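Please read the structure below before turning to the comments.
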Amino acid sequence: MITISKKSEKMITDTFNKYSYNEKESCPKIFHNRIVIHIYPVGDTIEDDNNKAQGLEDSILFDVHIYDTIAFKKYIILNRDAILLEVPVETRIFKDLSTMYIIDEPCAFDIFQKITIYSPTPNKVPGQLCLENKYDLWKRIN
């Protein structure tokens, strides 16, 4: 078990309280700014009473919470079994023990049982923006 300090508990509450959530508002297909995604495991894809899998047999179903850091809105996508990331992403474990992805460039979503996150720019290679920035930095240093 991981012990979370009172200061961290307050930080979690304060962070999430900044975001509004409207159950009827669907998740946008494109974000143009930084988004933060939290993944929360919710259950097995296989039920003992049912021989049919609700998703990938080797996965756990999870809920996805997407935070738009400019509009301060939260979107929730329920019961998914995989995420394919085709954009640069920073991965962390948040203090509430969710898996957290931070995406700092425009991205688009295809939402099915699996969620695919990709660059909305045609012909853009995933990570190209980051590679170009690193190259420019390298040129300035040398």
Regarding the stretch 7-30, can at least one residue be identified that is in contact with a helix residue (DSSP H, G or I) (Cβ under 6 Å, 6 or more places away or on another chain) and farther than 22 Å from Ile111 by Cα?
no
I'm told Lys95 meets every condition in (1) surrounded by 14 or more Cβ atoms within 10 Å (Cβ to Cβ); (2) under 19 Å from Ile117 (Cα atoms) except one. Can you identify the failing condition by its number?
(2)
For the stretch 91-112, enumerate the residues that are in contact (Cβ under 8 Å) with a residue 24 or more places away in the chain, over 20 Å from Ile30 (Cα atoms) and not in a loop (DSSP other than H, G, I, E, B).
Thr99
Can you find, within the stretch 31-77, the residue that is farthest from the chain's Cα centre (by Cα) among those that are among the charged types (D, E, K, R) and within 20 Å of Phe109 (Cβ to Cβ)?
Lys73
So Ile46 passes all but one of these: (1) β-branched (Val, Ile, Thr); (2) free of Cβ contacts under 8 Å to residues at least 12 places away in the same chain; (3) within 21 Å of Ser98 (Cα to Cα). Which condition number does it fail?
(3)
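So which strands (runs of 3 or more DSSP E) are wholly in the stretch 21-82 and hold at least 1 residues that are modelled with pLDDT under 90 and of a type in the set (A, V, I, L, M, F, W, C)?
On the way: elements: 35-44, 50-53, 60-68, 73-80.
Here the list reads 50-53, 60-68.
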Please identify the pairs in which a residue from the stretch 71-89 that is in contact (Cβ under 8 Å) with a residue 40 or more places away in the chain has its Cβ atom under 9 Å from the Cβ atom of a residue that is among the basic types (Lys, Arg), counting only partners at least 6 apart or on another chain.
Phe72/Lys18; Ile83/Lys114
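The values are calculated or read from the model by the stated rules, or taken from the named source; none is laboratory data. All values derive from a computational prediction rather than experimental measurement. Every residue, glycine among them, receives a Cβ derived from its backbone with ideal geometry; neighbour counts consider all protein chains shown.
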